[in-house]
């Protein structure tokens, strides 16, 4: 009775099984029922009183299950755990919905990230874990409970080093807002390759869904460029970056993205962008891409071992500082 319980709600079961396998555990059993009017019910199928419980559920929308639907399922299930005496409930949401709406950019805008935090706290969730949230400062400030943001950057570095063929890359942020994220990746490369890994970024402006600006700030000519972003939706931002880097003389272009949403027309955009490889994690499956495109363009890195290690350390009272910095070695899912 002293070990952790790991639940994975149905729509995240595939990733949950990878996490459980890395932990050497079986997923805890639960029931999810659908009702004719669209309502649903979820409950654990074993006693949870006093237990340290982890619930894995990605909040990405897909056919038949919107982000709102998934959020309700997570909230209601975690509420049921607390209702039945769970000692501590940790919600693991590798992809966190509404993380991009973290401030008011127009009059009377919502600050949805904060509202998300409030409803999670209201049902009794004690801790939330996510991976490469869109705005780390907004994420940390929104929650009053413990909030942990893991990073896929160490996985990208370990996977890319063999592909670099001994050459020093230039790390590229597709916009100025991602410069800190790119700087962290650059520092990781320097730890492995030594000093002298440069940084570049693109000038970009977004207004009402329209993106303009593609000037490259930094020297990329003759280099291998590694573009880093937290997510890819339609792919147009990364494609614009790749085109600009190519015009400035970059010889090879890789892209690293934690969350692959791949909304249309991502398949066409990715094909035309011509990345040597697009590295993405399995925080959600690339279900919107044709299988041939995914096989041709993607390298999918599993975050299962990373999530398993954070569960192990959080349950055992161990430090997660080194884990946040280094992470486990990647495993290639596809």
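Every read-out reported here was derived from the displayed coordinates using simple, explicitly stated rules and does not represent laboratory data. From a predicted model like this one, the values you see are computed outputs, not experimental measurements. A quick note on method: Cβ atoms are made from the backbone with ideal geometry, for glycine too, and the neighbour counts reach across all protein chains shown.
Report the label-to-label distance for residue 2 and residue 68 in nanometres (one decimal), using points 7 Å from each Cα along the Cα→Cβ vector.
Computed distance between label sites residue 2 and residue 68 equals 4.6 nm.
Could you tell me the relative contact order of segment 92-212? Use alpha-carbon pairs under 8 Å, at least six residues apart, and round to a whole percent.
Rounded, it is 18 percent for segment 92-212.
In a Gaussian network model over the chain where Cα atoms closer than 10 Å are linked, find which of 268, 251, 39 has the largest mean-square fluctuation.
Ranking 268, 251, 39 by mean-square fluctuation puts 39 first.
Length gain on complete extension for the stretch residue 108 to residue 49, per 0.36 nm per residue less the alpha carbon to alpha carbon distance?
Difference between extended and current length: 16.9 nm.
Which residues in segment 4-18 have a backbone N closer than 13 Å to a point placed 7 Å from the Cα of residue 40 along the Cα-to-Cβ line?
It comes to 8-13, nothing else.
GNM, the chain, Cα, under 10 Å: largest mean-square fluctuation among 173, 234, 151?
Maximum among the listed residues: 234.
Sequence gap at least 6, Cα distance under 8 Å: using those rules, report the relative contact order of the chain to the nearest whole percent.
Relative CO of the chain lands at 13 percent.
For the chain, take the longest principal axis of its alpha carbons; what is the angle in degrees between that and the long axis of helix 304-316, to the nearest 10 within 0 to 90?
The angle comes out near 50 degrees.
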